[in-house]
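See below for the structure under consideration.
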Amino acid sequence: MKRAPVLMAMACGVAAAMANGAPAAAGVLDQVRQRGQVICGANPGLAGFGVPDDKGKWTGFDVDYCRAISAAVFGDPDKVKYVPLTAKDRFTALQTGEIDVLVRNTTWTMSRDTALGASFTNVNFYDGQAFLVRAKLGLKSALELNGATICVQQGTTNELNMADFFRSHKMEYKPVSFGSAAETVRAYDAGRCDAFTSDSSALHAERLRMTNPSEHVVLPELISREPFGAAVRKGDDQWFDVVRWVGYGLVAAEDAGVTKANVDEKRSSDNPELRRMLGAEGKLGPAIGLPDEWLVNVVRAVGNYGEIYDRHFGETSRLKIPRGLNNLWNKGGLMYAPPLR
Amino acid sequence: MRAGQTVTTSGRAPRAAWWGNPAVRAFIWQALLVIAVISLFVWAGRNVAANLRASNITWGFGFLTEAANFDITGSLIPFRAGDTYARALLAGFGNTLAAALVAILIATALGFVVGVARLSRNVLVARFAAAYVEALRNTPLLLQLLVWYNVVLKSLPGPRQSIALPGGLLLNNRGLYGPWPVAAPGWSALGLGLLAALAVSIGLAVWSARRRRAGRAPLALWLLTPLVFIGLPLAAVWLTAGTVAGALPVTWPELRGFNVGGGVTLLPEFVALVLGLSLYTSAFIAEIVRSGVQAVPKGQREAGRALGLREGQILRLIVIPQALRLIIPPLAGQYLNLTKNSSLAVAIGYPDLVSIGAGPVLQNTGQALEVISLIMLIYLALSLLTALLMNWWNARMALAER
């Protein structure tokens, strides 16, 4: 009996190590606070969404989402550790608890949201799948791709949408699939395929990496809906709420005209909606385990949704993707946040 | 405390206590270890099950019979979107097997040539072979595969500038295209004829060997075997179809739209993978062959010369049979390595078992544990099968001591 406590302690230690991903232990928010870092699953390199520079500093649209979460939790946007993940590995990393949140231009689908053990919190970018082809082929539409060889990244919804598209139009095609985006692009650039398919935003970004970008065009059709969202592991409602409301908060801030520049001024205004939203009144922050001024910290660090978008995709960026569906609901887009009250 | 003290036998001096017996102690420790290991696994398994339940991931192999909605190009076992996940894995397995088998054949042939070349008295040949071995086995295989893939892709023209090769073959950066049979009774007859020819030629070889042992002249196999292999299939085709030329229809590759259609395609990914695997492994096999040949005592050659055998006969009848005994066991290891290394195919887009299993199958089902353990099991079975075959060959080749 004397040895029992030691054995128990050992067993518990191993159990804790193995149950790393179990949400039954401390909540993710507590783990994040204890660790002093949010671990964010990121794209290993996609212009606009997330790219590390030569000093290891990450920038991009998805990266700013991670920074926003960090700002909400710690009041400091830089307490993030980025784990670069290929499309193949991302859900396994989330399932096993290697990352706290996946913000990696990941399409929200029903099976991913249910059977895969992930929960999508909200949509941060509305995209659709398209085809990139060589301009000299003279193609006008994706319907002219009958018989084409097409490069695609493995394990993406792109692979599945393409199969559906060609099947429903009774057209033939030959897919060549690669494990990483970089390999896929390289093979297309080397002439292995007639077309390269991915989400429209990614095609605009990858086009810039071709030997000669002006020789390639994106075909106009979008053959799918690709709503990108942040995903967390199932089973932790508090952490789910944090990630979801940071996302909605960014949209709500844009809707209410709160920007990086005027956030402090707006907080002390008389407008009751702004005062609730920015934590001068009410208890919205503490309800999700965050400080009162959570959204102030977020907007001060990264700006509102529109500011993030313009920084990475807007007219002044290299990509220049029109806002389209990603505009606010009252400006012809789909971005809409439930009221913060 | 009481247990062992009473153990005495037939009036001899009492034995030491049971816990002093090394065999008993060893057994107890081993039993404890086994129990510990088993309980660790059981406990880990329960933990996994609990964690899976907690994160709402369903466990089971039911996904195998569900429809998979992706396509696979150039698979040996045809696969289309809408077939089951099980079939997708099977298609991947077929591709792994095809690449591994072809690479093993090429690697063995190349390895033997290079291994013997390293022993050549011609300095140029020996040095060249040494350089080949050192360069190939001292660089990472993944790197070599990527180099080969890019060499294959970059050095060949696009489909509209295909290089026409003799025999109706077309070559471009989408693959090597060749004619392929269209199902017809003539082809079935040809297949049966070939099988019959194989059976007859084996029979002839056995008969010839029996004649030689009986002291009579062996048959002229060098003439009979080709005759059987040409005559029997042709006769079979002629008997079924009444003609030879028209009974064997084929489709020829031709440019259709974006790509070459018709005929059969050898994908550049397949070529790059087989090239990379076989060259890399041939370097190791060459060293195995060289060491095997060098290990045959010099006296054996000298004895051969003393008997008046020619150099070629010495090599064929004395040196190689003895060297093979030393070569086969490590050769088996190389075959196993090659098969497992073929999983690097994922880097160059060849749809092998790992590429399909850990790629679209795992991604679309989310059943990581099931898919990965299935893949491991398949590789294990494949390796054990290879080992079994090689052991059998080794036993046949081993010194028969009488």
Checklist entry - Given the residues B:313, B:334, which is the only one that is in a helix (DSSP H, G or I), at pLDDT 90 or above and open to solvent by less than 60 Å² (accessible area, probe 1.4 Å)? => result B:334
Checklist entry - So which residues in the stretch A:103-131 are of a type in the set (Phe, Trp, Tyr) and closer than 17 Å to residue A:334 by Cβ? => result A:108, A:120, A:125, A:126
Checklist outcome for this item: Of (1) farther than 25 Å from residue A:328 by Cβ; (2) touching a residue at least 12 places away in the same chain (Cβ under 8 Å); (3) out of contact with any strand residue (DSSP E or B) (no Cβ under 9 Å at 6 or more places or on another chain); (4) of a type outside the set (A, V, I, L, M), residue A:77 satisfies every one except (1)
Checklist outcome for this item: Reported set for the stretch A:136-188 where residues are more than 7 Å from chain B (Cβ to nearest Cβ), closer than 20 Å to residue B:258 by Cα and either within 21 Å of the chain's Cα centre (by Cα) or open to solvent by less than 10 Å² (accessible area, probe 1.4 Å) (or both) is A:142, A:145, A:150, A:151, A:152, A:162, A:166, A:184, A:185, A:188
Next on the checklist: Tally up the residues in the stretch A:235-252 that are assigned to a helix (DSSP H, G or I) and touching a Gly at 6+ places or on another chain (Cβ under 6 Å), please.
Outcome noted: 1
Checklist entry - Does the stretch B:63-71 contain any residue that is touching a helix residue (DSSP H, G or I) at 6+ places or on another chain (Cβ under 9 Å), more than 23 Å from residue B:368 (Cβ to Cβ) and either in a helix (DSSP H, G or I) or within 14 Å of another protein chain (Cβ to nearest Cβ) (or both)? => result no
Checklist entry - Just wondering, is there one or more residues in the stretch A:126-134 that are open to solvent by 10 Å² or more (accessible area, probe 1.4 Å), at pLDDT 90 or above, among the hydrophobic types (A, V, I, L, M, F, W, C) and not in a loop (DSSP other than H, G, I, E, B)? => result no
Checklist outcome for this item: By residue number, the members of the stretch A:189-225 that are without any contact (Cβ under 8 Å) to a residue 60 or more places away in the chain and within 14 Å of another protein chain (Cβ to nearest Cβ) are A:189, A:190, A:191, A:192, A:193, A:211
Checklist outcome for this item: Of the listed residues (B:318, B:356, B:348, B:285), the one being within 18 Å of residue B:113 (Cβ to Cβ) and either under 20 Å from the mean Cα position of the chain (by Cα) or open to solvent by 10 Å² or more (accessible area, probe 1.4 Å) (or both) is B:285
Checklist entry - Would it be correct to say that residue B:270 is open to solvent by less than 40 Å² (accessible area, probe 1.4 Å), over 27 Å from residue B:116 (Cβ atoms), out of contact with any Gly (no Cβ under 6 Å at 6 or more places or on another chain) and within 14 Å of another protein chain (Cβ to nearest Cβ)? => result yes
Checklist entry - Before we move on, is residue B:104 touching a residue at least 12 places away in the same chain (Cβ under 8 Å), crowded, with 17+ Cβ neighbours inside 10 Å, more than 26 Å from residue A:192 (Cβ to Cβ) and more than 30 Å from the chain's Cα centre (by Cα)? => result no
Checklist entry - With (1) away from every other protein chain (no Cβ under 13 Å); (2) under 16 Å from the mean Cα position of the chain (by Cα); (3) closer than 30 Å to residue A:96 by Cβ; (4) modelled with pLDDT of 90 or more as the list, and residue A:231 as the residue in question, which single condition is left unmet? => result (1)
Checklist entry - So which residues in the stretch B:75-89 are buried (at least 20 other Cβ atoms within 10 Å of the Cβ) and touching a strand residue (DSSP E or B) at 6+ places or on another chain (Cβ under 9 Å)? => result B:85
Checklist outcome for this item: In the stretch A:78-118, residues that are surrounded by fewer than 24 Cβ atoms within 10 Å (Cβ to Cβ), assigned to a loop (DSSP other than H, G, I, E, B) and at pLDDT 90 or above total 7
Checklist entry - Applying the selection to the stretch A:101-118, what residues are among the hydroxyl-bearing types (Ser, Thr, Tyr), under 14 Å from the mean Cα position of the chain (by Cα) and within 10 Å of chain B (Cβ to nearest Cβ)? => result A:109
Item to check | So residue B:306, is it under 23 Å from residue B:348 (Cβ atoms) and either open to solvent by 70 Å² or more (accessible area, probe 1.4 Å) or within 14 Å of chain A (Cβ to nearest Cβ) (or both) | outcome: no
Item to check | Members of the stretch B:365-375 found to be assigned to a helix (DSSP H, G or I), open to solvent by 10 Å² or more (accessible area, probe 1.4 Å) and more than 7 Å from chain A (Cβ to nearest Cβ), listed by number | outcome: B:365, B:369, B:372, B:373, B:374, B:375
Checklist entry - Among the listed residues B:325, B:290, which satisfies the condition of being open to solvent by 20 Å² or more (accessible area, probe 1.4 Å), among the charged types (D, E, K, R) and modelled with pLDDT of 90 or more? => result B:290
Item to check | Flag for residue B:79 being closer than 30 Å to residue B:377 by Cβ, of a type in the set (Phe, Trp, Tyr) and part of a helix (DSSP H, G or I) | outcome: no
Next on the checklist: Among the residues in the stretch A:260-280, are any of a type in the set (A, V, I, L, M) and under 18 Å from the mean Cα position of the chain (by Cα)?
Outcome noted: no
Item to check | Test: residue A:38 is farther than 20 Å from residue A:87 by Cα and either free of Cβ contacts under 8 Å to residues at least 40 places away in the same chain or within 15 Å of the chain's Cα centre (by Cα) (or both) | outcome: yes
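The values are calculated or read from the model by the stated rules, or taken from the named source; none is laboratory data. Not measured: the values here are computed from a predicted model. With ideal geometry, Cβ positions are generated from the backbone for all residues, glycine too; neighbour counts draw on all protein chains shown. In case anyone asks, the SASA skips ligands and DNA or RNA and just uses the protein heavy atoms, side chains included. Shrake-Rupley method; radii C 1.70, N 1.55, O 1.52, S 1.80 Å.
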